[in-house]
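As structure tokens, the structure follows; a few thoughts come after it.
The values are calculated or read from the model by the stated rules, or taken from the named source; none is laboratory data. Nothing here was measured: the structure is a model prediction, and the numbers come from that model. Note that we place each Cβ from the backbone using ideal geometry, even for glycine, and neighbour counts take in every protein chain shown. When the accessible area is computed, the model is the full protein with side chains, heavy atoms only, and any ligands, DNA or RNA have been set aside. Shrake-Rupley method; radii C 1.70, N 1.55, O 1.52, S 1.80 Å.
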Amino acid sequence: MIQPMADSNIKIISELKNFLEETSQMQSKRNIYSLNPKDFTRNRKLDFKTLSLLILHSLKRSLSVELQDFFGHMGRESCTKQAFSAQRGKLKPSFLEDWNALLVKSFYGYNADVSKKWKGMLLWSIDGSTTPLPNSKELREKFGCPGSRLGQSNPAARICVLYDVMNHLAIKGLFQPYAESEEKVVLDVLEGLELSPSLLLFDRGYPSYWLMYCLINRQTHFVMRVPSNANRTVKAFIESDLSDITVDIYPSYKSLAKLKQMGIWISQTTPLKIRYVKVMLDTGEVEVLATNLYDSSLYTIADLKKVYFMRWGIETFYGYVKEELQLGQFSGIGDICIRQDFAANLFLFNLQSLIEKQCEPYIEQVCKTRIYKYKVNKNISWASMKYGVVKLFLFRNTNSVLMELQHLFEKHLVPIRPGRKFPRARKGRPNCKNYTLTNYKRAL
């Protein structure tokens, strides 16, 4: 008997397969994701379908080795790395982005009643990070370079991801120039998404009148950590004996200008109703959270403290994709190559998460006889996914491949030790190209 999560995964994989097949076979759809209408029309080793799966193959080693390995598992003759580089330049990264969007949409569609929620809302966290890029002229001009005391450094990109912290899905991600601020790309990430019913979690780099105004106008709930010196209202609140207030705030000239650029005209006396709460950390430090969850009986201070702490899930997500999926280890040095790799990493992360959910009944049974709770060892599961992805989209019997991957995941579990804390350490410049920040050795 197929368990419910495996059943929904079969349906999701089926939709993803159909999308890949239709796009690769129908020229009208293929042209949407090709740079030229004549691309992928000839019968080559690297047709649209094969190329897409190859990019998902986590190409972290020498391209010649990866190509030989990939085609060997398919039982076909390999192509040259020059041919691969030429073909991938014809594929728009938007194909992988839309493929991931379909995965996310299918997950919520088939798991509407069983997806994890907080008080009836999906918990989505949005946060930014940076990643170093190959040192090429094209990338320096496209993305820019961070400042350096020793002169111009290597290029880097700013990435922004919207992440479901309870269901462990990367909903959407953007790859931006380094100079772009995290705050400015928020609305670009949220564009086109159905935000209800969801609760957005933001770190202290995001709070601003204009962003809160836009979210409230879209009837979107949020919880934001607010800097202690954000404005006079926050400063006065911190100095007071109150722990929960709801006040009207007004736009600064900066927010007025930002809204004006967006075509939104309001006056300086336009009020915005915001609730501020104080939360006490274990260190004794006081944090202030801003939200539009106004009902203090339904959303207590303890509730808001707990839900904001769950934002940490996006930090661990970045840890996985940077350290174990090796986000910064790109398989090409062109703009189109790194965008393909970034989108492929998000897609692969989500596929792994789907299969990990199949393991939950087994893990629950295991935990009944053990001291600690356990979870799937993601580091090892990436290695299983490297070849499992090809099987999933090439073999007809999806269920047998999913069960094979599930059993491989279940063999490698790690304990969850509660109360463990690791202070954030500033990372110095690594003295080698590949470096590991944890005690795990990469499986890819």
*Hey, residue 99 of a type in the set (Phe, Trp, Tyr), at pLDDT 90 or above and either in contact with a Pro (Cβ under 7 Å, 6 or more places away or on another chain) or surrounded by 19 or more Cβ atoms within 10 Å (Cβ to Cβ) (or both) or not*: yes
_Where a residue in the stretch 43-57 is within 12 Å of residue 341 (Cβ to Cβ) and its partner, wherever it lies, is open to solvent by 10 Å² or more (accessible area, probe 1.4 Å) and part of a loop (DSSP other than H, G, I, E, B), with Cβ under 8 Å and at least six apart_ = 55/331
*residue 14 under 19 Å from residue 401 (Cα atoms) and small (Gly, Ala, Ser)*: yes
_Within the stretch 14-25, take every residue that is of a type outside the set (D, E, K, R) and free of Cβ contacts under 8 Å to residues at least 60 places away in the same chain and give me the one that is most open to solvent (accessible area, probe 1.4 Å)._
25
*Picking from 356, 364, which residue would you name as being part of a helix (DSSP H, G or I), surrounded by fewer than 16 Cβ atoms within 10 Å (Cβ to Cβ) and not polar (S, T, N, Q)?*
364
*Out of (1) of a type in the set (S, T, N, Q); (2) touching a residue at least 12 places away in the same chain (Cβ under 8 Å); (3) part of a helix (DSSP H, G or I), what's the single condition that is false for residue 28?*
(2)
*asked:* Considering only residues that are exposed (fewer than 12 other Cβ atoms within 10 Å of the Cβ) and more than 25 Å from residue 245 (Cβ to Cβ), which ones fall in the stretch 263-276?
replied: 263, 265
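Let's see how each residue does on (1) over 19 Å from residue 388 (Cβ atoms); (2) touching a Phe, Trp or Tyr at 6+ places or on another chain (Cβ under 7 Å); (3) of a type outside the set (Gly, Ala, Ser); (4) open to solvent by less than 40 Å² (accessible area, probe 1.4 Å):
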residue	(1), (2), (3), (4)
63	yes, yes, yes, yes
69	no, no, yes, yes
72	no, no, no, no
77	yes, yes, yes, no
84	yes, no, yes, yes
*Determine whether the stretch 340-349 contains at least one residue that is touching a residue at least 40 places away in the same chain (Cβ under 8 Å), closer than 18 Å to residue 413 by Cα and either open to solvent by less than 40 Å² (accessible area, probe 1.4 Å) or in a helix (DSSP H, G or I) (or both).*
yes
*Six or more apart or on different chains, Cβ under 6 Å: which pairs go from a residue in the stretch 271-288 that's closer than 25 Å to residue 252 by Cα to one that's assigned to a loop (DSSP other than H, G, I, E, B)? Could you list them?*
275/294; 278/243
*How many residues, within the stretch 146-185, are at pLDDT 90 or above and either assigned to a helix (DSSP H, G or I) or open to solvent by 50 Å² or more (accessible area, probe 1.4 Å) (or both)?*
3
_Residue check for residue 318: part of a helix (DSSP H, G or I), over 14 Å from residue 201 (Cβ atoms), open to solvent by less than 30 Å² (accessible area, probe 1.4 Å) and touching a residue at least 40 places away in the same chain (Cβ under 8 Å)_ = yes
_Failed criterion for residue 9 (all others in (1) assigned to a helix (DSSP H, G or I); (2) out of contact with any helix residue (DSSP H, G or I) (no Cβ under 9 Å at 6 or more places or on another chain) hold)_ = (2)
*Condition test on residue 316, is it of a type in the set (S, T, N, Q) and either modelled with pLDDT of 95 or more or over 30 Å from residue 158 (Cβ atoms) (or both)?*
no
*Looking for whichever is more than 30 Å from the chain's Cα centre (by Cα) and among the aliphatic types (A, V, I, L, M) here; the options are 189, 247, 226, 185. Which one fits?*
247
*Verdict on residue 100 being in contact (Cβ under 8 Å) with a residue 12 or more places away in the chain, polar (S, T, N, Q) and closer than 22 Å to residue 316 by Cβ*: yes
_Restricting the stretch 59-85 to residues that are aliphatic (A, V, I, L, M) and within 28 Å of the chain's Cα centre (by Cα), the residue that is farthest from residue 332 (Cα to Cα)_ = 67
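Per-residue answers, yes or no, for (1) hydroxyl-bearing (Ser, Thr, Tyr); (2) in contact with a strand residue (DSSP E or B) (Cβ under 9 Å, 6 or more places away or on another chain); (3) within 30 Å of residue 119 (Cα to Cα):
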| residue | (1), (2), (3) |
| --- | --- |
| 290 | no, yes, yes |
| 301 | no, yes, yes |
| 305 | no, yes, yes |
| 316 | yes, no, yes |
| 325 | no, no, no |
| 333 | no, no, no |
| 338 | no, yes, no |
| 344 | no, no, no |
*asked:* Please go through the stretch 41-58 and give me each residue that is assigned to a loop (DSSP other than H, G, I, E, B), open to solvent by 10 Å² or more (accessible area, probe 1.4 Å) and either among the aliphatic types (A, V, I, L, M) or modelled with pLDDT of 90 or more (or both), ordered by number.
replied: 47
